[in-house]
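Here's the structure, in structure tokens; my notes come after.
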Amino acid sequence: MNFPLSMTYWSHFVSVAMFALGLLGFLLRKNTIVVLMCIELMLNAVNLLLIETSMRTNTPEGIILVVFVVTVAAAEVAVGLGIVLNLYRMKGTVNLDHFKSLQG
Amino acid sequence: MRETLFMVFSLFTIAAASGVVLSRNPVYSAFSLILSFFGLSGLYLLWGSTFMAMIQILIYTGAIVVLFVFVVMLLNLQTVRENSPNLLFLVGAAAAVWLFSLMILRVLTRAIPNKAVEIPTDQLRAISKLLFTRYLWPFEVLSLFLLVMIVAIFAITRTQEIPQGGEKK
């Protein structure tokens, strides 16, 4: 590997690093809102990989897939934050450790 | 030149993304998320996808992060107390690190052509043509999905029927 690595390498590196960071936050953070943000990070890592492949191989299908992912991500965030609002109204906190109603 | 800029934007994006995970205050997390999305938008721009760069800023920064900031402000949160490292915490961290090392090994050992690729100009015409011909049905299903989501959010966040105080302590 000569040093100025190509844009493909950097894209893959950024994508993997962002996905791992998102997974780390998703597993470790206790604030529900930050957990939702980490899900966004993971979705964006996948988007970067899709766009890189799509532009490198000149196939527009990848961009269409990204548009779908963005739409679903927006809907997911809206529903997730609505649920968080309700949970805060009922429990007075957004700490994930306090949400144990479904635990057996 | 393009590679150098790409490297700068990549490091910027990763730094901002780690800011999302590491900062204690959720408002700082949201602003780090904005910075990370701007970095990603720069990466898309360098790949020649001006359409997705614009969509990234318009939808993610303009709609999604604003929603996050709005909810954080609305809830008037104190900082949530994070756990001290226990066994479950360590297992989660180990899983993330393991997955990261697996993926990065795969990336580094793959035979990716390490040369400057021809950056195509944005294929906006091709995208829209495909979206309204071959992918018309997924597109329509997606709009129906959005409608269902709007109704669901209204149903979820209605205030009348939610008992104050919730479950008994």
query = Restricting attention to the stretch A:38-55, does a residue exist that is among the charged types (D, E, K, R) and within 25 Å of residue B:58 (Cβ to Cβ)?
reply = yes
Index of the failed condition, residue B:50 passing every other in (1) in contact with an Asp or Glu (Cβ under 9 Å, 6 or more places away or on another chain); (2) of a type outside the set (Phe, Trp, Tyr); (3) at the interface with another protein chain (Cβ under 7 Å from one of its Cβ atoms) = (3)
query = Can you tell me how many residues in the stretch B:63-83 are at pLDDT 90 or above and loosely packed, with under 12 Cβ neighbours inside 10 Å?
reply = 0
inquiry  = So, in the stretch A:31-54, how many residues would count as being more than 7 Å from every other protein chain (Cβ to nearest Cβ) and touching a residue at least 60 places away in the same chain (Cβ under 8 Å)?
reply    = 2
remark   = Quick count over the stretch A:41-95, residues being over 24 Å from residue B:124 (Cα atoms) and among the charged types (D, E, K, R), is 3
task = Tell me which residues, restricted to the stretch B:1-31, are among the small types (Gly, Ala, Ser) and closer than 19 Å to residue A:16 by Cβ.
result = B:10, B:15, B:16, B:17, B:18, B:19
ask   = If you go through the stretch A:7-30 one residue at a time, do you hit one that is more than 25 Å from residue B:102 (Cβ to Cβ), at the interface with chain B (Cβ under 7 Å from one of its Cβ atoms) and in contact with a helix residue (DSSP H, G or I) (Cβ under 9 Å, 6 or more places away or on another chain)?
value = yes
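In the stretch A:74-100, what count of residues is obtained for those that are on the phi < 0 side of the Ramachandran plot and more than 7 Å from chain B (Cβ to nearest Cβ)? Step through it out loud before you land on a result.
Keep residues of the stretch A:74-100 that are on the phi < 0 side of the Ramachandran plot, which gives A:74-91, A:93-100.
In the following step, the residues that additionally are more than 7 Å from chain B (Cβ to nearest Cβ) were identified as A:76, A:80, A:87, A:93, A:96-100.
The qualifying residues number 9.
Which residue out of B:14, B:57 is more than 10 Å from chain A (Cβ to nearest Cβ), out of contact with any Lys or Arg (no Cβ under 8 Å at 6 or more places or on another chain) and either surrounded by 14 or more Cβ atoms within 10 Å (Cβ to Cβ) or in a helix (DSSP H, G or I) (or both)? Outline the logic, then answer.
On the way: B:14 fails: more than 10 Å from chain A (Cβ to nearest Cβ).
When all the criteria are applied, what remains is B:57.
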ask   = What residue, of A:68, A:19, is in a helix (DSSP H, G or I), surrounded by fewer than 22 Cβ atoms within 10 Å (Cβ to Cβ) and not acidic (Asp, Glu)?
value = A:68
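If the requirement is being over 13 Å from the mean Cα position of the chain (by Cα) and closer than 30 Å to residue B:140 by Cα, which of these qualifies: A:78, A:74?
Numbers: A:74 fails: over 13 Å from the mean Cα position of the chain (by Cα).
Of the residues listed, the single one that is over 13 Å from the mean Cα position of the chain (by Cα) and closer than 30 Å to residue B:140 by Cα is A:78.
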query = When the residues of the stretch B:17-35 are filtered to those that are within 7 Å of another protein chain (Cβ to nearest Cβ) and among the hydroxyl-bearing types (Ser, Thr, Tyr), which remaining residue is farthest from residue B:71 (Cα to Cα)?
reply = B:18
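The values are calculated or read from the model by the stated rules, or taken from the named source; none is laboratory data. From a predicted model like this one, the values you see are computed outputs, not experimental measurements. Positions of Cβ are backbone-derived with ideal geometry, glycine not excepted, and every protein chain shown enters the neighbour counts.
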